[in-house]
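The next block holds one structure in the form of C-alpha cells; read it before the comments.
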Amino acid sequence: MRKAFMGVRLLRLREERGLTQSALAAALGLSTSYLSQLEKNQRPLTVPVLLKINAVFGLDVQLFSKNDEARLIADLRDALSEAQTGEAIAVAEIRELAANMPAVGRALITLHRRYREGVERSEAMAARLGDDWQAVAPPPMPFEEVRDFFYARHNHIAELDEAAERLHHTVGLSIGSTNAGLIDYLARRHGLRVTFERGEGASGAQRRYDATSRVLHLSPYLRPGQHAFQMATQLAFLEMEDLLHDVVDRALFSSDEARALARIGLANYFAGALILPYMAFLQAAEALRYDIEQLGRQFGVGFETICHRLSTLQRPEARGVPFFFVRVDRAGNISKRQSATDFHFSRVGGTCPLWNVYEAFVHPVRILTQLAQMPDGRTYLWIARTVWRGQGEYGAPGKTFSIGLGCDLRHASRLIYSQGLDLGDVKAATPIGAGCKVCERPACPQRAFPPIGRTLAIDENRSRFAPYPVA
C-alpha cells in the first residue's frame with residue numbers, strides 16, 4: 001500500500017487553527033518531534049493519527065484521502081494540458097503538487113476554468129460581431145456549474161440524505177411500494193391531490209403542480225417507481241425549502257439559472273433518498289452484492305435510479321462502494337456524470353471510445369462488464385447497460401441512453417458482476433484513457449485526436465496503424 005505523506009496538509013491545519021507545533025502535538029497525543037517529522041514528510045501519516053485528527057477536530061479524513069488526490073491530479077492534467085509552455089509537465093510534478101499543495105492545485109483548476117469560460121465567451125462574441133455586430137457574450141454554462149458542485153461533494157449531500165431518511169421513517173413509507181403512502185401524506189399534510197392524466201402531446205409534462213388548486217398532475221405513462229420519484233421531488237419543494245435554499249446559498253453559484261438548476265438537482269437527490277432510504281438501501285445492496293436488477297425489484301424503481309443512488313452512498317460512518325455514475329447518448333454526449341470515487345474523464349474533447357458504455361448500444365438491455373485500466377495504472381470494474389424511455393404511444397419519440405457504473409478494482413470482489421472475471425490478471429484489462437486529447441497512450445489505434453502539448457512524428461515515408469504518432 002502506498003504510504004501517505006501529508007506534511008503540507010498538517011501545516012495548513014495548524015495555520016487555520018492558529019496552533020503552535022507543540023499545541024497540535026499535545027492535542028493529538030503525539031510528541032513534538034514526531035509531529036515535526038510528519039510535517040516534513042519524513043514519516044507517513046498513519047490511520048491512528050488520522051482517527052485522532054477526526055476525533056479532536058471533527059475533520060473528515062477525506063481531507064487526507066488519496067482518492068481526492070487522484071481526482072485533483074486528473075483535473076490538473078486537464079488544466080495544464082492547454083498551458084502550451086513549450087515544455088512537457090511530468091505527471092510526477094503534477095502528483096507532487098496535488099499531494100503537497102492541494103489548495104494551490106485547486107486554485108489553478110479554478111483559474112483554468114475561468115480561462116476556458118473566457119475563451120468560449122470571446123469566441124461567441126467574435127461570431128456575433130461577424131454576424132450582426134452585437135457583442136453579446138453568453139454567461140458560463142449553468143449546468144456545468146451544477147455538475148461541478150455535485151462532483152466536488154462526491155455526489156453525497158449529507159443534510160438532504162439524512163432529512164429524507166428521517167421523513168421516510170416518520171411517514172411510515174413501505175420499501176418498494178411508496179406510492180400509496182406518499183399520496184396519503186401529501187393529502188393529509190399539504191392538502192394536495194394527485195391525479196394521473198395524459199400530457200399534452202410529445203412535450204407533455206411528467207409532473208405538473210398547480211399551486212392554486214393544489215393538484216399534482218402526473219403522467220400515466222410513468223412506471224410506479226417514477227410516480228413515487230416525482231411525488232417525492234414535489235415534496236422536497238414543499239417541505240425542504242429552507243434546506244434547499246441553505247445548500248444553494250453556500251454553493252455560491254454565479255447565476256439565477258444555475259441556482260434554479262441546482263434546486264431541481266437537489267430536489268431530485270432528496271427524492272431518490274426518500275424512496276431509497278440510506279441504511280435500508282445500503283444493507284440491501286451489500287446483502288445482494290450490488291445486484292442492480294435485484295435491487296430494482298426490491299425497491300420498485302428502474303435501473304438508472306438504482307445506479308444513481310449507488311453512487312451517493314458515502315456517509316462517513318457507513319460508506320458503500322464508491323462508484324462513478326455516467327449516462328451517455330449514442331453520440332457520446334454525457335448528460336449525467338457523478339462521482340463518489342477518483343475516476344475522471346476529460347473536459348477537453350470526448351471520452352474514450354474503448355469504454356464499454358458505448359458498446360452497450362450494440363447489446364440493448366444486456367448488462368456488460370469490463371475491466372478497464374487508466375494510463376496511471378488504476379484499474380476499474382465497469383458495468384454498462386442501455387435504458388429506453390418512451391411516452392406510451394405509437395410514433396411518439398423516445399430516448400435511449402447507456403448507463404455506466406464503475407468502481408476501483410479493490411472493491412470489485414464485493415460486486416456480483418465480478419463473477420467469472422480474473423481480478424488478479426490486470427493484463428486482461430482494456431487500456432482506456434480520460435479522453436484522446438489528454439491520453440498518454442501513444443499507440444492506441446482508436447485515437448481520434450493528437451495529444452495536446454505533444455509534437456507529432458510526421459514522416460511521409462512511413463505509415464503506422466496507430467494514428468497521430470508522437471515524437
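Every read-out reported here was derived from the displayed coordinates using simple, explicitly stated rules and does not represent laboratory data. Worth saying up front: this structure is predicted, and the values here are computed from it rather than measured. Using ideal geometry, Cβ is built from the backbone for each residue, glycine included, and neighbour counts are taken over all protein chains shown.
If each DSSP helix of 4+ residues adds -39,500 (n - 2.57) and the sum is divided by the residues in the chain, what number results at 222 nm, nearest 500 deg cm²/dmol?
Numbers: 17 runs with 207 residues, N = 471.
It lands at -13500 deg cm²/dmol.
Working from Cα pairs under 8 Å separated by at least six residues, relative contact order for the stretch 139-275 is 32 percent.
Starting with the fewest neighbours, write out Lys427, Lys437 ranked by other beta-carbon atoms found within 10 Å of each beta-carbon. Mind showing how you got there, number by number?
Working: Lys427 9, Lys437 21.
Ranked by crowding around the Cβ, least crowded first: Lys427, Lys437.
Suppose a student asked you for the relative contact order of the chain, using Cα pairs under 8 Å spaced at least 6 residues apart; what percent would you report? Relative contact order for the chain comes out at 12 percent. Descending by average beta-carbon neighbour count within 10 Å, the peptides 393-401, 27-35 line up as 27-35, 393-401, the highest first. As a rough guide to protection, the peptides 415-426, 228-239 ranked by mean Cβ packing within 10 Å, highest first, stand as 228-239, 415-426.
How would you rank 461-470, 143-152, 182-191, highest first, on the average number of other Cβ atoms within 10 Å across their residues?
Top to bottom by mean Cβ count within 10 Å: 143-152, 182-191, 461-470.
When Glu440, Glu165 are ordered from fewest to most other Cβ atoms inside 10 Å of their Cβ, what list results? If I rank by nearby Cβ atoms, fewest first, I get Glu440, Glu165. In this structure, the amide hydrogen of Gln314, modeled 1.01 Å from its nitrogen in the peptide plane, lies closer than 5 angstrom to those of Gly320, counting only residues at least 5 positions away or on a different chain. Shape class for the stretch 312-434, computed from the alpha carbon gyration tensor (a ≥ b ≥ c): prolate, with a/c not under 1.5 and a/b above b/c. Counting only Cβ charges, +1 for Lys and Arg and -1 for Asp and Glu, the dipole size of the stretch 139-275 around its Cα centre is about 560 debye.
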